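*Asks:* What follows is a single structure, and I will ask about it in a moment.
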Amino acid sequence: MRSPVVDVHTHLVPKGWPDLAAACGGSGWPWLRVDSERAAMIMLAETAFRPVGAECWDAPTRLGDMDADGVDVQVVSPTPVFFSYDRPADQAVRVARIFNDLALEVTAAGGDRLVPFCQVPLQDPDAACAELDRCLASGHVGVEIGNHVGDRDLDDAGIVQFLTHCAEVGAPVFVHPWDMPDGPRLDRWMARWLAGMPAETHLSVLAMILGGVFDEVPETLRICFAHGGGSFPFWLGRADNAWHRRGDLVRGASTMPPSRYVDRFSVDSVVFAPAALRLLMDTIGEDRVMLGSDYPYPLGERPVGQVVHRSDFLTAAQRDKLLSGNALRFLGGDRQVANRELLPIDREGTGLLDPGRTPS
């Protein structure tokens with residue numbers, strides 16, 4: 001029996017939600033324009049933000065895509081547009097409750113194959129801790145957070161309080177970039193996503209290191225950064241050089257150079273090219289890289305896991321770590337996916353083999 005394939009980076013959008021202005025207060029909330037049984041548009045006021053399809057809310061559609069790609073388990077996280085960190089905390093609490101409860105409804109139809117992560121009102125650490133506790137008791141396994149709250153990065157005292165609570169209750173944390181800067185230089189070619197998003201993640205990894213967060217929070221914190229850690233892995237050498245040469249400005253609250261902290265966090269494999277995956281393996285380590293896809297969005301990887309399967313420098317043991325072992329450890333081992341009866345993976349391609357066949 002092979003190990004299960006676990007995708008730690010996927011998103012959902014419920015097909016419908018209540019009128020958020022009536023349910024939460026305030027105005028200008030996202031709403032869903034339903035165009036058909038299988039197609040909708042997330043709207044921001046009267047502006048079309050993102051088209052979504054049935055794979056966002058329909059478990060059978062999702063499971064069909066997973067089977068086609070040879071994925072056994074998905075970690076299913078919110079879509080960041082719903083975080084609402086810029087709103088009053090009481091409104092953010094209400095919207096988090098709505099979407100967290102809807103997420104449980106969506107993922108319940110997939111059984112243990114769909115592992116729900118919740119969202120929290122991160123602008124209020126006490127409320128964020130309370131909502132996390134409620135969600136863990138209700139069936140969520142972990143939490144997705146944005147990489148900043150306005151101008152407060154992940155070294156903000158309130159966010160550190162929340163991360164410490166996550167470590168204490170054993171909740172894995174998935175950090176996703178959001179609310180990227182805009183402007184004429186970034187509003188073409190999807191540059192906010194192609195350049196701004198990697199930079200956002202890079203900045204927040206630095207904030208946790210140079211802001212002293214990893215020196216403060218318990219080592220039991222399990223935290224993963226999306227999109228391969230953004231541009232951070234490529235520029236780790238530059239950060240180390242600056243830490244040594246301009247320590248008066250760079251060191252901040254850190255006690256060691258940045259490269260000494262890479263064993264404190266994980267990244268996903270959404271980097272698309274074997275050369276980039278090799279860099280992650282060399283920089284972050286084979287025990288800290290996990291399969292991710294950004295399913296079901298168009299800038300994600302399909303078929304899921306193809307960069308891992310195409311990377312011929314990986315040993316069989318390393319590939320197993322990326323496809324499942326590291327993710328199972330990240331999830332805490334409390335999802336008994338390893339005992340399921342699974343079909344063998346085609347390690348030369350991207351899909352499932354017929355039962356009884358062995359990988360070539």
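*Asks:* Once Rh for segment 107-224 is found with the Kirkwood sum over Cα pairs, what is the Stokes-Einstein diffusion coefficient at 10 °C and 1.306 mPa s, in µm²/s? All intermediate terms of the calculation are to be shown ahead of the outcome.
*Replies:* On the way: Rh = 15.2 Å.
Result for D is 104 µm²/s.
*Asks:* How large is ³J(HN,Hα), in whole Hz, for each residue of segment 122-135 in order, when computed from phi with the Karplus curve 6.51 cos²θ - 1.76 cosθ + 1.60 and θ = phi - 60°, using x for Gly and Pro?
*Replies:* Residue by residue, segment 122-135 yields 5, 5, 10, x, 5, 5, 5, 5, 5, 5, 4, 4, 4, 5 Hz.
*Asks:* What is the dipole size for the chain, taken about its Cα centre, with +1 at each Lys and Arg Cβ and -1 at each Asp and Glu Cβ, in debye to the nearest 20? Write down the numbers at each step before the final one.
*Replies:* On the way: 33 positive and 49 negative charges, 137 e Å.
The dipole of the chain has a size of about 660 debye.
*Asks:* Roughly how compact is the chain, stated as its Cα Rg over 2.2 N^0.38 Å to two decimals? Don't skip to the answer; put the middle values down first.
*Replies:* Details: Rg = 19.8 Å, N = 360, 2.2 N^0.38 = 20.6 Å.
So the chain has a normalised radius of gyration of 0.96.
*Asks:* Could you please state, rounded to a whole Å, how far the C-alpha centre of segment 255-277 is from the C-alpha centre of segment 111-189?
*Replies:* 20
*Asks:* Another question about this same structure. Would you please name the chymotrypsin sites (Phe, Trp or Tyr not before Pro) within segment 118-195 that are DSSP coil residues with at most 15 other C-beta atoms within 10 Å of their C-beta? Please list the in-between numbers first.
*Replies:* Numbers: sites: PHE162, PHE174, TRP178, TRP189, TRP193; in loops: TRP178, TRP189.
Of the chymotrypsin sites (Phe, Trp or Tyr not before Pro), the ones in loops of segment 118-195 whose Cβ has at most 15 other Cβ atoms within 10 Å are TRP189.
*Asks:* So, one more: Using only the Cα atoms, what convex hull volume per residue in Å³ does segment 19-142 have? Walk me through the intermediate numbers first.
*Replies:* Values: hull volume 13.1 nm³, N = 124.
Once divided by residue count, the hull of segment 19-142 is 105 Å³.
*Asks:* If you filter segment 222-310 for trypsin sites (Lys or Arg not before Pro), then keep DSSP loop positions with at most 10 other Cβ within 10 Å, what is left? Kindly include the intermediate steps, with their values, before the conclusion.
*Replies:* On the way: sites: ARG222, ARG238, ARG245, ARG246, ARG251, ARG260, ARG264, ARG278, ARG288, ARG310; in loops: ARG222, ARG246, ARG251, ARG288.
In loop regions of segment 222-310 (DSSP not H, G, I, E or B), the sparsely surrounded trypsin sites (Lys or Arg not before Pro) are ARG246.
*Asks:* Dividing the Cα radius of gyration by the Kirkwood radius, what Rg/Rh value follows for segment 250-326?
*Replies:* Values: Rg = 13.9 Å, Rh = 13.3 Å.
My calculation of the ratio gives 1.04.
*Asks:* Mind checking the dipole of segment 60-122: about its Cα centre, +1 per Lys or Arg Cβ, -1 per Asp or Glu Cβ, Debye to the nearest 20? Let's see the in-between values first.
*Replies:* Working: 5 positive and 9 negative charges, 60 e Å.
Computed about the Cα centre, the dipole is about 280 debye.
*Asks:* Quick one: net charge around PRO296, please, counting Lys, Arg +1 and Asp, Glu -1 for every other residue with C-beta under 14 Å from its C-beta.
*Replies:* Details: positive: LYS15, ARG38, ARG50, ARG62, ARG302; negative: ASP7, GLU55, ASP58, ASP65, ASP69, ASP294, GLU301.
For residues surrounding PRO296, the net value is -2.
The numbers here are math on the coordinates, done by the rules we state, and not lab data. These numbers come from a predicted model, not from an experiment. Positions of Cβ are generated from backbone atoms using ideal geometry, with glycine treated the same way; all protein chains shown enter the neighbour counts.
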